[in-house]
Amino acid sequence: MKRLALFLITACLSVAAMAANVIKAERKEVFGDVTVHYNTFNSTFLTPDIAKAAELVRSKNQGVINVSVIKDGKPLAAEVSGTIKDLTSKTDPLTFRQINEQGAIYYIAQYPVNQQETRTFEIKVKTGDKVNTLNFNQELFPGE
């Protein structure tokens, strides 16, 4: 009986460790000397002042994706485009806008979040003549 309990505890800890490897703590992809950081969240996490300054709609049914591109530790201007796909394979374009703020460059886009669901993001980042693509899934929830 003790062996079974020990086996089950070990199995649970192993699964948690494997899951931690699958879920990235820091949302970033490295493409040679270029690092792309990305983050997505519900727009209600923004304060009204920040949303207004960034020209974003603050709503429980609006998500935001934020992308930044870094090279040699410095912000890098890029062309960022992408799509968001739902479970029925309906694909919508993401329209990114460049934001320059206090020595930082980042790209933001908004998308609707009408219900809880997992969506697939495909983001293309063009720097110079190279286009790098990153794909990730994100479970989305409408805000409160």
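The values are calculated or read from the model by the stated rules, or taken from the named source; none is laboratory data. The model shown is predicted, which means the values in this text are computed figures rather than measured ones. Reconstructed Cβ throughout: ideal geometry from the backbone, glycine too, with neighbour counts over all protein chains shown.
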**Prompt:** Can we say LYS60 is in contact with an Asp or Glu (Cβ under 8 Å, 6 or more places away or on another chain) and of a type in the set (D, E, K, R)?
**Reply:** yes
**Prompt:** If you go through region 38-58 one residue at a time, do you hit one that is in contact with a Phe, Trp or Tyr (Cβ under 9 Å, 6 or more places away or on another chain) and either surrounded by fewer than 17 Cβ atoms within 10 Å (Cβ to Cβ) or more than 18 Å from TYR111 (Cβ to Cβ) (or both)?
**Reply:** no
**Asked** Does region 82-92 contain any residue that is within 19 Å of SER59 (Cβ to Cβ) and at pLDDT 95 or above?
**Response** yes
**Item:** Index of the failed condition, VAL125 passing every other in (1) among the aliphatic types (A, V, I, L, M); (2) surrounded by 15 or more Cβ atoms within 10 Å (Cβ to Cβ); (3) out of contact with any Pro (no Cβ under 9 Å at 6 or more places or on another chain); (4) at pLDDT below 95
**Value:** (4)
**Complete:** By my count, strands (runs of 3 or more DSSP E) wholly in region 96-135 with at least 1 residues that are polar (S, T, N, Q), over 14 Å from LYS85 (Cβ atoms) and touching a helix residue (DSSP H, G or I) at 6+ places or on another chain (Cβ under 9 Å) are 104-112
**Request:** Select from region 100-117 the residues that are modelled with pLDDT of 95 or more and either of a type in the set (Val, Ile, Thr) or in contact with a His (Cβ under 8 Å, 6 or more places away or on another chain) (or both) and list them in ascending order.
**Result:** ILE105, ILE108
